[in-house]
Amino acid sequence: MNSTKLELTVGIFMLIGILCLGYLSIKLGKMELWGGNYYRVAAQFDSVSGLKQGARIEVAGVEVGAVERIALEKQSGDRAEVTLKIKDGTKLPDDVIASVRTSGIIGDKFIMLKPGGSDRLLKDGSKIRETESAIDIEELVSKFIHGNVD
């Protein structure tokens, strides 16, 4: 009887430990099990070279979301369409400008949003009209070397 009680206590302790480890893994890994509180907006760029799914989205240096999906635009197929997942508390005017930027010397790409002055806000499913594509360093160096700098 005493042995059964000890085994039950150890089993409960192990179960609590495994649940705590799972919770910490999810929180530290920034995973979302139930979707989180986000709204999605789309933006079209001429080039998103180097941008990856899961890249951060910043407003004034503060992370407000992540890139959810990158695909070719359905109609013309010559532009990239990026789906941005923005945290619910973030209010963005509909004249916001989305830019693909490089972070640090390593060159991680992220989306920087510059809010405009409009009173109307972006809602779930909205499209960002103003975008700035990624700067292609290789192309700039090539133009400079070959004397085609404008």
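Values quoted throughout were computed directly from the atomic coordinates according to the rules given, and no laboratory measurement underlies them. Everything numeric in this text was worked out from a predicted model, so none of it was measured. For neighbour counting, all protein chains shown are included, and Cβ atoms are generated from backbone atoms with ideal geometry for every residue, glycine included.
At a glance:
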item: Rg/Rh for the range 51-114, where both radii come from Cα atoms and Rh is the Kirkwood radius; result: 0.98
item: CD proxy at 222 nm, helix term only [per DSSP H run n ≥ 4: -39500 (n - 2.57); per residue of the chain; nearest 500]; result: -8000 deg cm²/dmol
item: Nearest-0.05 FRET efficiency for Cys20 and Ser142, computed from C-beta distance (R0 41 Å); result: 0.15
item: Cβ-based exposure ranking for Ile111, Ile16, in which fewest neighbours within 10 Å come first; result: Ile16, Ile111
item: From phi via Karplus (6.51, -1.76, 1.60), per-residue ³J(HN,Hα) for the range 117-128 in Hz, x at Gly/Pro; result: x, 5, 8, 7, 9, 6, 10, 4, x, 6, 10, 7
item: Percentage relative contact order, the chain, counting C-alpha pairs under 8 Å, at least six apart; result: 24 percent
item: Val59, Val141 arranged by Cβ crowding within 10 Å, fewest neighbours leading; result: Val141, Val59
item: C-alpha long axis of helix 2-28 to longest principal axis of the chain, angle in °; result: 10 degrees
item: J(HN,Hα) series, the range 102-113, from Karplus relation 6.51 cos²θ - 1.76 cosθ + 1.60, nearest Hz, glycine and proline x; result: 10, 9, x, 7, 6, x, 4, 8, 8, 9, 10, 9
item: Amide H partners (placed H, <5 Å) of Val96, local residues excluded; result: Gly116
item: Beta bridges by DSSP in the chain, antiparallel share as percent, to the nearest 5; result: 75 percent
item: J(HN,Hα) series, the range 48-60, from Karplus relation 6.51 cos²θ - 1.76 cosθ + 1.60, nearest Hz, glycine and proline x; result: 10, 3, x, 6, 10, 4, x, 4, 6, 10, 10, 10, 6
item: Fraction of the pair-distance distribution of the chain above 19 Å, Cα-Cα pairs, percent; result: 63 percent
